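The structure appears below as structure tokens.
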Amino acid sequence: MPADEAFLRQLYKTTRAAEFVAAGLPAAALEGLLDQQYRAQTVGYGMQFPDACSLIVEHRDAPAGRLLLLCADHRWHIVDIALLPAVRGQGIGTDLIEAIARAAAARGARELTLAVLSGSAAARRLYARLGFSETGGDVHLSMVRRLGG
């Protein structure tokens, strides 16, 4: 849907702009770079995870984030999860991950996995608090949460 696409593009920009600001680019160049990176991510995810479902996360009846989730028989993988900065810190991400873990376990999955940037200490702490353990990696760390069963 065009509205979803516009939201997802804006979400990408609001969650990733800080990574590129340090380059000191003029605003127009930064905007172009973020558009290019968004398109590259979208194509890359589509090629690497063609069976993943893409969902808009809502909070108080408004778009608040996105979830890209790959559901297999014994392993569910969170490909991407992102929330608007304005709604972070309110427990939405925790609630979402716990709901995913419950749904995965109810459908017989034995583990929930994700990858996180190694430099993202806050995300790593959150995932560790939610029962994920690091299983390896370099720039992107693989993490797994074992589920009952």
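The values are calculated or read from the model by the stated rules, or taken from the named source; none is laboratory data. Quick caveat, the model's predicted, so the values are computed rather than measured. Don't worry about glycine lacking a Cβ; one is built from the backbone with ideal geometry, like all the others, and counts go over all protein chains shown.
Things to note:
- Residues of segment 57-81 that are small (Gly, Ala, Ser), surrounded by 19 or more Cβ atoms within 10 Å (Cβ to Cβ) and within 18 Å of Ala115 (Cα to Cα): Gly65 alone.
- Tyr45 vs. criteria closer than 30 Å to Gly148 by Cα, aromatic (Phe, Trp, Tyr) and within 12 Å of the chain's Cα centre (by Cα): yes
- Residues being surrounded by 12 or more Cβ atoms within 10 Å (Cβ to Cβ) and either at pLDDT 95 or above or among the aliphatic types (A, V, I, L, M) (or both) - total across segment 109-133: 16
- Residue within segment 76-96 that is over 16 Å from the mean Cα position of the chain (by Cα) and at pLDDT 95 or above present: no
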